[in-house]
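> I am attaching a structure below and will ask some questions about it afterwards.
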Amino acid sequence: MRIVLGVGGGIAAYKVASLLRLFTEAGHDVTVIPTEAATRFVGVATWEALSGHPVSNSVFDAVHTVNHVRLGHEAELIVVAPATADLLARAATGQADDLLTNTLLMAGDCPVLMAPAMHTEMWQHPATQANVETLRSRGVTVLEPASGRLTGADSGPGRLPEPEAIFTAAMALAGASAAEAGESGGAAQPDVDAVLAAGPSAAPLAVRALAGLTVTVSAGGTREPLDPVRFLGNRSSGKQGVALAAAALEAGARVRLLAAHMEVPAPAGVEVVQVETALELRKAALHAAADSDVVIMAAAVADFRPADVSGTKIKKRDDVADPVINLVRNPDILRELVEVRDAASRDQLIVGFAAETGDAGGDVLEYARAKLQRKACDLLVVNQVGRDKVFGEDTNSVVILSRDGSEPQEASGSKSDVAAAVIDRISAELSRAVPPA
């Protein structure tokens, strides 16, 4: 595969030498285009030695080959790392003041992946977030930066994801793009040689059954405001949803994560949509489902919200009676997703999650089967929850129920193990849904 590797001018540029090595050792032909600032961190000689190609950042070098046009036209994948705040801004506004930004403008249908790295304040600045949203709206895959130690004593979101994570995300993106370009009819499969060439850091071929598909996952717990400082919430940490997103990414899918309150960061390589309340999640889920092949609703959604939200902090006063909080029912997002899908006759797999507790009226599975009948989703992943069970823990134990009445499937272990089992089950369901050629 012909890859253009753009390198931005940040201290994290030194990590990109390892990323380049991963690409070349996997057999890919890589042309490196550093910005002028990037060469102050890692010299041209390093990029030339590791890539085996001449390296330039000027549109006036090798003019006879029309480099600023040719490189973008010939590239099958463009990866930019680190994508600095400046580089994101220039790409979003269509500037073309060096060879890299020229190449990005000439990319055409070539998949583009950008891995940001910068200080936390720069990443969280509204201007940077607007630029990221613009790029994503144009089809560019912008990874979420990792959280950790930055330059100096600073720490927080803005760290460049590890080279192995960027490599895996790039290979998944390239596999999805190749599948989309293949013949129509049935679920597209990745090119076997390309997957095998991806090396040990990529997911094995056997689990890349979602290549070419878009998977939306919701994760975390919603929060329903009472006043400007208080809310109704739940104990969800988001760990299981994040593990599902990572497993879907490893399986080759394009992954969108609808993130409510989470105690863990989103995996590198997924598109993140932040939500807070159940109503915000409903809006995001209905929008995301429109182009999703699989929807996994793993978020812990509040069943109720306060009927009235105070615009000021509710005061505790001796001369005023204790407040009475009236609750109203939140919409049933999972059921609505199924209804919208069925009304549109859309070919889509919908997976729900049920966090249940047993009581005198029935056990966990009895309540779960009744919920599956009401929701009418294709699969329901059931777990028994409690103060010391599931929420916030690193392990889980679930039962997967199917609408077709097939035998329940059990899975347990780490939340990554459970996520892998759920993704495997989803892959099996999709395989059964595709008629043989």
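> Determine ³J(HN,Hα), in whole Hz, for all residues of region 29-43 in sequence, where each value follows from phi through the Karplus function 6.51 cos²θ - 1.76 cosθ + 1.60 and θ = phi - 60°; x replaces Gly and Pro.
3J(HN,Hα) across region 29-43, in whole Hz: 8, 10, 10, 9, 10, x, 6, 4, 5, 4, 5, 7, 9, 9, x.
> Something else now. Cα-Cα over 27 Å: which of K283/K371; K239/K316; K239/K375?
Details: K283/K371 22 Å; K239/K316 35 Å; K239/K375 24 Å.
K239/K316, as the Cα separations exceed 27 Å there.
> At 7 Å along the Cα-to-beta-carbon direction for both H287 and Q373, put a label point, then send me their distance in nm to one decimal.
Label-label distance for H287 and Q373, simple model: 3.7 nm.
> Now, a different point. Subtract the Cα-Cα distance of K316 and V340 from 0.36 nm times their separation in residues, and report this length gain in nm to one decimal.
On the way: separation 24, 0.36 × 24 = 8.64 nm, distance 4.44 nm.
This chain segment gains 4.2 nm when fully extended.
> In nanometres, what is the gap between the two model label sites at V69 and R149, each 7 Å from Cα along Cα-to-Cβ?
Once both label points are built, they end up 4.9 nm from each other.
> At a 10 Å Cβ-Cβ cut-off, how would you order K283, K15, K415, fewest neighbours first? Display every interim value, and only then the final one.
Numbers: K283 14, K15 20, K415 23.
Ranked by crowding around the Cβ, least crowded first: K283, K15, K415.
> Please give the helix 13-25 orientation as an angle from the longest Cα principal axis of the chain, in degrees from 0 to 90, rounded to the nearest 10.
80
> What are the residues whose amide H is under 5 Å from the amide H of F304, where those residues sit 5 or more places off or on another chain and H is modelled from the backbone?
Correct list: N330.
> How big is region 38-129 along each principal axis, measuring the range of its Cα positions in Å and listing the largest first?
The principal-axis extents, from largest down, are 41, 29, 22 Å.
> Between A130 and I325, what length comes free when the chain is fully extended (0.36 nm per residue of separation minus the Cα-Cα distance, one decimal in nm)? Can you show the working numbers first?
Values: separation 195, 0.36 × 195 = 70.20 nm, distance 3.73 nm.
Contour length minus the Cα-Cα distance gives 66.5 nm.
> What full-extension length gain, to one decimal in nm, is calculated for V44 and T24 as 0.36 nm per residue of separation minus the Cα-Cα distance?
Value of the extension gain: 5.5 nm.
> Step by step: find N for region 207-433, compute 2.2 N^0.38 Å, then divide the Cα radius of gyration by it. What's the final number?
On the way: Rg = 18.1 Å, N = 227, 2.2 N^0.38 = 17.3 Å.
Normalised Rg, Cα atoms only: 1.04.
> Enter the angle in degrees (range 0 to 90, nearest 10) between the Cα long axis of helix 278-289 and the first principal axis of the Cα atoms of the chain, meaning the one along which they spread out most.
That helix lies at roughly 50 degrees to the long axis.
> Next up: Using only Cα atoms and rounding to the nearest 10 degrees, what angle (0 to 90) does helix 333-343 make with the longest principal axis of the chain?
70
> Give me the percent relative contact order of region 2-180, please, defined on Cα pairs under 8 angstrom at least 6 residues apart. Intermediate values should be presented prior to the final figure.
Numbers: 335 pairs, mean separation 40.1, N = 179.
Contact order relative to length: 22 percent.
> Can you tell me the Rg and Dmax of the chain, counting just the alpha carbons, in angstroms?
23.6, 85
> On to the next question. What's the exposure ranking of Y14, Y367, going from fewest to most Cβ atoms within 10 Å?
By the 10 Å Cβ count, ascending, the order reads Y14, Y367.
> How long, wide and thick is region 2-180, going by the Cα atoms along their three principal axes, in whole angstroms, largest first?
Each principal axis gives a Cα extent; for region 2-180 these are 45, 33, 32 Å.
Any read-out appearing in this document is the output of simple, stated calculations on the displayed coordinates, not a laboratory observation. Values in this document were obtained by computation on a predicted structure and should not be read as measured data. Every residue, glycine among them, receives a Cβ derived from its backbone with ideal geometry; neighbour counts consider all protein chains shown.
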